Structures are given as structure tokens and as C-alpha cells.
Amino acid sequence: MGLWDSFLNWFRRLFQEAEVSLVGLQNAGKSALVNAIARFHTTWELYCRGASAILYVVDAADRDSVPISKSELHDFLMKSSLNGIPLLVLGNKTDKSEALSKQALMDQLSLETITDREVCCYMISCKDSINIDAVIDWLINHSKTVKRIPLV
Ligand SMILES: Nc1nc2c(ncn2[C@@H]2O[C@H](COP(=O)(O)OP(=O)(O)OP(=O)(O)O)[C@@H](O)[C@H]2O)c(=O)[nH]1
């Protein structure tokens with residue numbers, strides 16, 4: 001196994017062992033997201049260890065699947081063990097012309113009705129690495145283990 005494969009395997013373990021839940025319907029782009037993040041940065045994992053967050057990936061270009069994605073999301077958030085855990089919804093596949101806008105996706109997922117936790121939504125393309133940096137920043141900011149101490 002090459003160095004790159006070792007790195008990717010280690011990175012995938014981060015999601016399995018750290019408190020980051022990566023959730024979404026089949027084909028939403030979860031694996032593509034992990035690969036996109038892994039290719040994007042080499043140091044962010046130091047910050048994301050111990051993050052406590054839910055990443056919910058939606059195929060924003062598959063409009064027919066959004067209602068199912070909505071009900072799955074709201075059912076998932078009913079779990080008491082997930083109370084209060086910040087949620088980042090990712091509308092993936094924005095490189096496709098049929099992808100919903102951010103506002104349309106937020107409306108169709110009824111994100112405004114989720115009031116028991118912090119909720120954020122980004123539109124991304126794992127294929128074209130659009131907004132992956134914002135996902136990384138969000139994860140860093142939700143890390144439980146890193147204390148950011150200003151120098152001045
Ligand atoms: N156009 C486009 N295709 C994407 C993007 N992200 C993922 N895909 C494609 O969507 C398909 C599903 O991606 P995966 O990452 O395997 O999705 P998954 O959510 O892990 O799917 P499951 O393993 O079924 O749960 C693959 O054919 C990817 O190449 C994207 O940003 N744009």
C-alpha cells in the first residue's frame with residue numbers, strides 16, 4: 001500500500017473514529033466528500049480530531065430525492081443521542097445545471113424548523129472542489145479539542 005493510500009485510509013478512519021457523523025442518502029456524494037477533503041488539505045486533520053458534528057450530504061441536483069432526504073434528516077435528528085450536535089447540511093453536485101439553489105434547498109429541507117441546534121448549509125461540488133475549504137473551516141471551528149488562542 002502506497003503512502004497516498006495509507007493517508008486516505010487513515011483519513012477515512014478519522015470519520016469513523018472521531019465524532020463526525022457523515023450522513024446522507026445513497027449516491028449523495030459522501031465518499032466523494034471524504035476524498036475531496038483529503039485531497040484538499042494535509043494538516044486540517046490535526047484540528048478536526050474530536051469535532052462533534054453531523055455532516056448531512058444531499059444531492060442537490062437530484063430534485064426527486066430531496067423530499068426523502070428531508071424526511072430522513074428530520075427522523076435522524078430525533079435521536080436523543082444527537083441532541084444539540086451542530087449540523088452542517090451540504091448541498092452537493094452544484095456543478096450540475098439542475099442543482100437547486102441554496103435557498104431552495106434550505107426551504108425544501110425545512111431547515112428553519114430545526115431550532116434545537118446550530119444549523120448551517122453550504123452548497124458544494126466534490127467533483128470540482130467548490131466550497132470544500134468552507135467545509136474544512138466549519139469542521140475546524142467545531143473541533144472540541146483545539147483551543148484557538150489569539151496572539152494579541
Ligand atoms: N457531478 C457530480 N457528481 C458527483 C459529485 N460528488 C459525487 N458525485 C458522483 O455521485 C456518485 C455517488 O457518489 P458517492 O461519493 O459514491 O456517494 P455516496 O453518498 O458515498 O453513496 P453510497 O455509497 O451509495 O452511500 C458517484 O458517481 C460520484 O462520482 C459532485 O460534486 N458532482
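The values are calculated or read from the model by the stated rules, or taken from the named source; none is laboratory data. Source: prediction; values computed, not measured. Neighbour counts run over all protein chains shown; Cβ positions are idealised from the backbone, glycine included.
Counting only residues that are more than 14 Å from the ligand (Cβ to nearest atom), surrounded by 19 or more Cβ atoms within 10 Å (Cβ to Cβ) and modelled with pLDDT under 95, how many does region 48-71 have?
4
Of the residues in region 72-94, how many are under 21 Å from LEU33 (Cβ atoms) and either within 14 Å of the ligand (Cβ to nearest atom) or among the hydrophobic types (A, V, I, L, M, F, W, C) (or both)?
The number of residues fulfilling the criteria is 14.
Looking at SER110, SER97, which is the one that is over 17 Å from the mean Cα position of the chain (by Cα), modelled with pLDDT of 95 or more and within 27 Å of ALA38 (Cα to Cα)?
SER97
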